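The block underneath contains the structure these notes are about, expressed in structure tokens.
What follows is calculated from the coordinates using simple rules that are stated; it is not laboratory data. Everything numeric in this text was worked out from a predicted model, so none of it was measured. Every residue, glycine as well, gets a Cβ built from its backbone with ideal geometry; the counts of neighbours run over all protein chains shown.
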Amino acid sequence: MFDFPVAIPLMRRAIYPGSFDPVTNGHLDVIKRARKLFDEVIVAVAHNDEKQPLFSLKERLDLLRETAGKIDSVRIAELKGLLVEFAKTEKAGAVIRGLRAVSDFEFEFQMALMNRKLETGVETIFLMPKEEYTYLSSRIVKEIASLGGHVSSFVPACVAKALNRKFNR
Ligand code: ADP
């Protein structure tokens, strides 16, 4: 019997962190693009108490499970502690962030470089959504819903329903 060293292909795994308050079609577009590049994508939901989310952590996780969680090899998780530590624990080599416009850039650039400083082994990868989602954000969707506007072309149906319930519509 020969004793070959066996080459085990490494699983390419990425983390997509965010508040997802709530998940929009823009987030889903980014997740699908990330899945083309990575074997597994972990969508990591931050608590983000200082942002005072409209949806509780559990609600945000449930809405993601009902939508992104249905995509093959996409896992939904709660993000606890430092992102780079979470990436190391999950054996993920990359962090995915979405870039919509120049206005996203400054904050994202700062965060990517800080994460690299904290952990050189984790790369940040920016993905641009389909043009029609470049103006879409969770904040704007919440604003439209709160004023009684229709949001069904911006978010999955279960999210539109959850928004209507929040605003008693
Ligand atoms: P955070 O609270 O971390 O800013 P969000 O939950 O709003 O995050 O979004 C998570 C990530 O998804 C961020 O990188 C954000 O830029 C990106 N993102 C949000 N909406 C869109 C969109 N419509 N198209 C592309 N990327 C998006």
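What do you get when you divide the Cα radius of gyration of the range 28-108 by 2.2 N^0.38 Å, with N the number of residues?
In units of the 2.2 N^0.38 Å rule of thumb, it is 1.13.
For M111 paired with N168, estimate the spin-label separation in nm (one decimal), with each label point 7 Å from Cα along the Cα-to-Cβ line.
3.4
Return the distance in nm (one decimal) between the two label points of a simple spin-label model at S146 and D104, each offset 7 Å from Cα along Cα→Cβ.
Each label point is offset 7 Å from its Cα along the Cβ direction, giving 2.2 nm.
List R65, R165 from most exposed to least, where exposure is judged by having the fewest other Cβ atoms within 10 Å.
Going from least to most buried by this count: R165, R65.
Taking the alpha-carbon distance from K166 and a cut-off under 27 Å, which lysines remain once sequence neighbours fewer than 8 residues away in the same chain are dropped?
By straight Cα distance, K166 reaches K51, K58, K70, K80, K142.
If I fit a long axis through the Cα atoms of helix 102-118 and take the longest principal axis of the Cα atoms of the chain, what angle between them do I get, 0 to 90°, rounded to 10?
40
Determine the dipole magnitude for the range 47-109: charges of +1 sit on the beta-carbon of Lys and Arg, -1 on that of Asp and Glu, nothing else is charged, the reference point is the Cα centre, and the result goes in debye to the nearest 20.
Charge dipole of the range 47-109: 220 debye, to the nearest 20.
In debye, nearest 20, what is the charge dipole magnitude of the chain about its Cα centre with +1 on Lys and Arg Cβ and -1 on Asp and Glu Cβ, if you could check?
400
Lys/Arg Cβ at +1, Asp/Glu Cβ at -1, dipole of the chain taken about the Cα centre: which of C158, T67, M11 is farthest positive-ward?
Of C158, T67, M11, it is C158.
Loop sites only, by DSSP: take the chymotrypsin sites (Phe, Trp or Tyr not before Pro) in the chain that have at most 14 other C-beta atoms within 10 Å and name the longest stretch containing none of them.
It works out to 3-134.
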